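Notes for the one structure printed next.
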Ligand code: HPA
């Protein structure tokens with residue numbers, strides 16, 4: 001696996017001038033950040049050796065390398081979800097590639113269903129911790145010693161100092177923030193009412209179908225993480241309405257400018 005990753009890394013290195021310092025997974029809610037990246041070099045996933053290829057038609061995934069907030073960044077436009085049928089190893093692959101390219105920080109965004117009764121649709125939630133309910137883990141199997149330890153510590157999965165920086169930026173811009181625990185599920189079904197209740201009971205504030213595998217992979221390699229959710233729907237008794245994918249996208253679009261301000265500000269300050 002390491003040999004493949006190195007081939008991927010060598011290919012990307014030939015395409016970009018310099019090494020990225022920050023990796024970004026542009027999930028729902030952060031798409032607008034692309035426009036802020038200057039001197040952008042775009043590499044379609046399909047051209048990168050050994051890179052997972054998007055199964056969804058019209059989903060042109062690509063890596064974007066460039067300058068943002070005074071740093072060299074590499075952003076994944078289009079991520080790989082476990083529910084699409086990728087293995088956990090495939091979901092983890094680009095994160096390992098970004099680490100070998102040089103990233104020292106990983107930033108991730110997603111859309112999530114709120115299960116905390118104080119949340120509203122459109123809220124932005126800083127992820128302070130997670131619960132892995134995916135029934136799988138990208139680190140199962142023989143440990144890749146080059147990347148990290150057999151039993152990685154997860155006590156600070158989400159970097160406290162990054163969280164404090166983002167809270168300050170939010171105060172400065174009067175951006176209303178929530179903070180909470182993200183439960184990662186496989187999907188592709190949204191939750192039943194009983195499942196939302198269960199997820200709340202075990203200590204989560206939001207639930208979604210991504211992020212956990214990428215964060216585990218980054219922490220294994222010692223890369224500090226910042227992650228943020230847009231609350232796109234509510235799994236709270238009395239507030240639950242039937243949701244569609246379109247509504248999830250709509251809620252995320254509204255929060256996008258604020259998310260962009262927060263993430264750009266964080267990159268400037270780290
Ligand atoms: N559940 C799981 N994943 C999600 C949800 C949800 O309610 N909303 C957006 N992603």
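The values are calculated or read from the model by the stated rules, or taken from the named source; none is laboratory data. Computed from a predicted model, the values in this text were never measured in an experiment. With ideal geometry, Cβ positions are generated from the backbone for all residues, glycine too; neighbour counts draw on all protein chains shown.
The number of residues in the stretch 21-45 that are over 17 Å from the mean Cα position of the chain (by Cα) and in contact (Cβ under 8 Å) with a residue 12 or more places away in the chain comes to 10.
In this structure, does residue 89 turn out to be free of Cβ contacts under 8 Å to residues at least 24 places away in the same chain and closer than 20 Å to residue 110 by Cα?
Considered against the rule, which asks whether it is free of Cβ contacts under 8 Å to residues at least 24 places away in the same chain and closer than 20 Å to residue 110 by Cα, residue 89 comes out as no.
Hey, can you tell me all the residues within the stretch 1-49 that are assigned to a loop (DSSP other than H, G, I, E, B) and under 26 Å from residue 255 (Cα atoms)? The answer is 21, 27, 28, 29, 30, 37. Return the only residue of 191, 237 being in a loop (DSSP other than H, G, I, E, B), touching a helix residue (DSSP H, G or I) at 6+ places or on another chain (Cβ under 8 Å), farther than 30 Å from residue 93 by Cβ and within 16 Å of the ligand (Cβ to nearest atom). After ruling out the rest, the residue left standing is 237. Of the listed requirements (1) modelled with pLDDT under 95; (2) crowded, with 20+ Cβ neighbours inside 10 Å, residue 20 misses just one: (1). Note on the stretch 218-234: among residues that are touching a helix residue (DSSP H, G or I) at 6+ places or on another chain (Cβ under 6 Å) and assigned to a strand (DSSP E or B), the one that is modelled with the lowest pLDDT is 232.
The number of residues in the stretch 119-133 being more than 19 Å from residue 179 (Cβ to Cβ) and buried (at least 21 other Cβ atoms within 10 Å of the Cβ) comes to 0. Kindly evaluate residue 96 against the criterion of being modelled with pLDDT of 95 or more and within 24 Å of residue 163 (Cα to Cα). Yes, satisfied.
Applying the selection to the stretch 153-177, what residues are surrounded by fewer than 18 Cβ atoms within 10 Å (Cβ to Cβ) and within 26 Å of residue 80 (Cα to Cα)? Listed by number, the residues that qualify are 153, 154, 155, 156.
Filter the stretch 240-258 down to residues that are buried (at least 17 other Cβ atoms within 10 Å of the Cβ) and more than 17 Å from residue 206 (Cα to Cα) and give me whichever is farthest from the ligand (Cβ to nearest atom).
258
Note on the stretch 119-174: residues that are touching a residue at least 60 places away in the same chain (Cβ under 8 Å) and closer than 17 Å to residue 205 by Cα total 17. Here residue 77 fulfils each of the conditions (1) in contact with a helix residue (DSSP H, G or I) (Cβ under 8 Å, 6 or more places away or on another chain); (2) over 26 Å from residue 178 (Cα atoms); (3) more than 16 Å from the ligand (Cβ to nearest atom) apart from (2). Has the stretch 129-148 got any residue that is under 23 Å from residue 255 (Cβ atoms) and more than 16 Å from the ligand (Cβ to nearest atom)? Looking for residues that are under 23 Å from residue 255 (Cβ atoms) and more than 16 Å from the ligand (Cβ to nearest atom), one finds at least one in the stretch 129-148, hence yes. Selection within the stretch 109-118: residues that are more than 11 Å from the ligand (Cβ to nearest atom) and more than 10 Å from residue 229 (Cβ to Cβ). The member of this set that is surrounded by the fewest Cβ atoms within 10 Å (Cβ to Cβ) is 118. Taken over the stretch 207-219, the criterion of being more than 11 Å from the ligand (Cβ to nearest atom) and either surrounded by 24 or more Cβ atoms within 10 Å (Cβ to Cβ) or without any contact (Cβ under 8 Å) to a residue 60 or more places away in the chain (or both) is satisfied by 212, 213, 214, 215, 216, 217, 218.
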